[in-house]
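These notes concern the structure reproduced below.
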Amino acid sequence: MPSKRCVMSKWGRAGACATLLLAVFAAPAEEADIQFKGYYKNLLVSSRTVAPQQEDYTLDLNRVRLEARGRPTDWLGFEVQYDNEALLGSFLDTAQFRQLKATRPATYWDLEDDYLDRGSVFARQRLYRGFVTLNAPVADFLIGRQRVAWGSGRFWSPTDLLNPFNPIAVEREERTGADAVLVQRNLGPLSRLSFVYAPQRDAPSSRAVQYRTNVANTDVALMLGEFRGDRVVGLDIVGRIGEGGLRLEAARTDTEIGSDFTRAVAGFDYAFQNTVTLTFEYYYNGQGSSDARAYDFTRLHAGLIQNVGRHYVGAQAKYDLTPLLRWDNVLIVNTDDRSRFFAPSLTYSITANLDWSGGVQLFGGTDGSEYGSFHNLYYTYVQYFF
């Protein structure tokens, strides 16, 4: 029996399939530049849930991602990424997983379906990315589920409001796409004007304009928009100091719910010749509080905000121990309550198409602190690309 969510989303899925078919068959196959690729990933995680109650768990996630992209004609391009996932382990018996299943997707179109739920195994499919690109003389139009990559922050990004990410997520490279229309017009070799419109299901629609240019070998981006009812103005600057890269990013938010606030990031990157790469960031979160007694853990655990404190520092160190083995370390400290997050990991390239990785996420802090409220997490995965 189809789920209620599946029934509600049938027109959205039909529209996505029609768009894909139009893109693929708009030109004869021998004339179209179409590429197919994908991967299989097995991720094993062991930890303890935080909300709504504490429960030990293991999770075995199996994901197949199929990707097709191409340009059937000079004026039309497309990209589609389809996920099929199977979840196993005791995590399926936790209250947190039951809560996640009942949560509606954050995207406007419900392009996912839970097609198997038998207690010991849970399977789902979704459209991770799916958009077409229309190239016209006046501008380029990107329509569909996409990654609108504004902002330059590594751990935090005040201007990346359509695709916010969690800096302590196990799969930090995974970013929920935005169902949006993105219009881009090049104003010169180094300048571009962009406009994005993203409808929202349970909130006011988001719309914003960004102007990006280069001044004295420094990239500068100005952003003005309205995101889910909040009015935001932002600035992103990326330049160099000597051999290192300097990043400055800030956004001022005028909200109708609560007080107005500012978020800002200052970052520095440096790559040594011995393959060591260092990244440092300072984050000011005006939306948070310097007093742990005022932390809003309810919104944090629900994923509505990424941090509850006000002042943070983050650092990352990567080192290629061999051409095939990389050591990665991430450290984040809430300087208000002294809680911390440390995540060392190793990644080994077994073959040209097969990677293995293993790591831990270690949380520390006193009772009532931000990272002290989480539990240590251990994971390993293999990923085969095809």
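Structural remarks
- Within region 315-349, considering residues that are within 17 Å of Asn376 (Cα to Cα) and of a type in the set (Phe, Trp, Tyr), the one surrounded by the fewest Cβ atoms within 10 Å (Cβ to Cβ): Phe342
- Condition met for Thr73 (more than 22 Å from Thr298 (Cα to Cα) and either open to solvent by less than 50 Å² (accessible area, probe 1.4 Å) or not aromatic (Phe, Trp, Tyr) (or both)): yes
- Listed here are the strands (runs of 3 or more DSSP E) enclosed by region 324-386 that have at least 1 residues being closer than 28 Å to Gly288 by Cα, touching a Leu at 6+ places or on another chain (Cβ under 7 Å) and of a type outside the set (Ser, Thr, Tyr): 339-351, 354-364.
- Scan of region 217-229 for residues that are surrounded by 17 or more Cβ atoms within 10 Å (Cβ to Cβ) and at pLDDT 95 or above, ordered by number: Val220, Ala221, Met223, Gly225
- The single condition among (1) closer than 23 Å to Gln361 by Cα; (2) buried (at least 18 other Cβ atoms within 10 Å of the Cβ); (3) modelled with pLDDT under 95 that Ala51 does not meet is (2).
- For region 102-112, the criterion of being of a type in the set (S, T, N, Q) and over 20 Å from the mean Cα position of the chain (by Cα) is met by none of the residues.
- Selected residue (only one of Glu249, Glu256, Glu243 is closer than 18 Å to Trp150 by Cβ and either open to solvent by 20 Å² or more (accessible area, probe 1.4 Å) or not aromatic (Phe, Trp, Tyr) (or both)): Glu249
- Any hit, region 296-314, residues being surrounded by fewer than 16 Cβ atoms within 10 Å (Cβ to Cβ), at pLDDT 95 or above and in a loop (DSSP other than H, G, I, E, B): no
- Cβ-Cβ contacts under 6 Å between residues 6 or more apart (or on different chains), taken from a first residue in region 294-309 that is more than 19 Å from Asp160 (Cβ to Cβ) to a second residue that is surrounded by 17 or more Cβ atoms within 10 Å (Cβ to Cβ) and of a type in the set (S, T, N, Q), are listed as Gly309/Asn334.
- The condition (being open to solvent by 80 Å² or more (accessible area, probe 1.4 Å), at pLDDT 95 or above and farther than 30 Å from Ile168 by Cβ) is satisfied by just one residue among Phe25, Phe36: Phe36.
The values are calculated or read from the model by the stated rules, or taken from the named source; none is laboratory data. For clarity, every value in this text was computed on a predicted model and none was experimentally measured. Because the Cβ atoms are built from the backbone with ideal geometry, glycine has one as well, and the counts that use them run over all protein chains shown. All accessible areas refer to the heavy atoms of the entire protein, side chains included, with ligands and DNA or RNA removed. Shrake-Rupley method; radii C 1.70, N 1.55, O 1.52, S 1.80 Å.
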